Each structure stands twice: as structure tokens, then as C-alpha cells.
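Have a look at the structure below before the remarks.
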Amino acid sequence: MKPPKYGSFAERQAASVEAKKALVAKLKAKPTVTDPEFEARRAAKAAELIAVREARATERRTKREDAARKEAERRALEAEIAEAQELELRAKQKAARDARYAARKQRRK
């Protein structure tokens, strides 16, 4: 059998206390090392983020304006087509009415 590493109870207790202190020291927060370029990088990153957001907003606004313009063009075209169809219908109705009138006149002669 191996001889015990620590001879007495007091030595074992002292070793336990030291081990606990070492464990607490290991888990303790360490002082942070601040990079001198950190603030500059953070500011550059924030500026880039703002630029990207503005670009996206501009792109969305442009798409929205294009969609609104296309919708207005479509509605104008539909209105023009509807007006042309209305005029064609009225012309057919007038022609039919004139034909009936001419037939009536022809019968009376």
C-alpha cells in the first residue's frame, strides 16, 4: 500500500482549503483587456450598419414607387379599354337604332 500523501488531518484540511481557493480564483472574473481599436471598429461597424439600412430603405421605397406607378398605368389602361368598349357599344347601338329607323321609314313609303 502506498503511504498517504498527507500525514495528518490538519494537512489534509489545509490542502482542501487551498484547492477550494484555487478553484474560486480560477472561476473569478479576470480583468478585461481593452483593445485600443475597439471603439474605432465599433463606430465603423455602426456607420456601415446605418448605411446598409438606408440603402435598403431606399430600395424598398423605389420598389414601392415602381409598384404604385405600374398600378396607376394598369388602371389608366383598363379605364381606356373600358372607355373604348363603351364607345364601341354605343356606336353599335346607334347603328342598330338607325337601321330600325331607316327600316321604318322604308316601310312607310
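Every read-out reported here was derived from the displayed coordinates using simple, explicitly stated rules and does not represent laboratory data. Computed from a predicted model, the values in this text were never measured in an experiment. Neighbour counts run over all protein chains shown; Cβ positions are idealised from the backbone, glycine included.
For (1) hydrophobic (A, V, I, L, M, F, W, C); (2) outside any helix (DSSP H, G or I); (3) surrounded by 10 or more Cβ atoms within 10 Å (Cβ to Cβ), each residue gets a yes or a no:
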position: Leu77; (1), (2), (3): yes, no, yes
position: Ile81; (1), (2), (3): yes, no, yes
position: Ala84; (1), (2), (3): yes, no, yes
position: Glu88; (1), (2), (3): no, no, yes
position: Arg104; (1), (2), (3): no, no, no
Please go through segment 77-109 and pick out each residue that is among the hydrophobic types (A, V, I, L, M, F, W, C) and within 53 Å of the chain's Cα centre (by Cα).
Leu77, Ala79, Ile81, Ala82, Ala84, Leu87, Leu89, Ala91
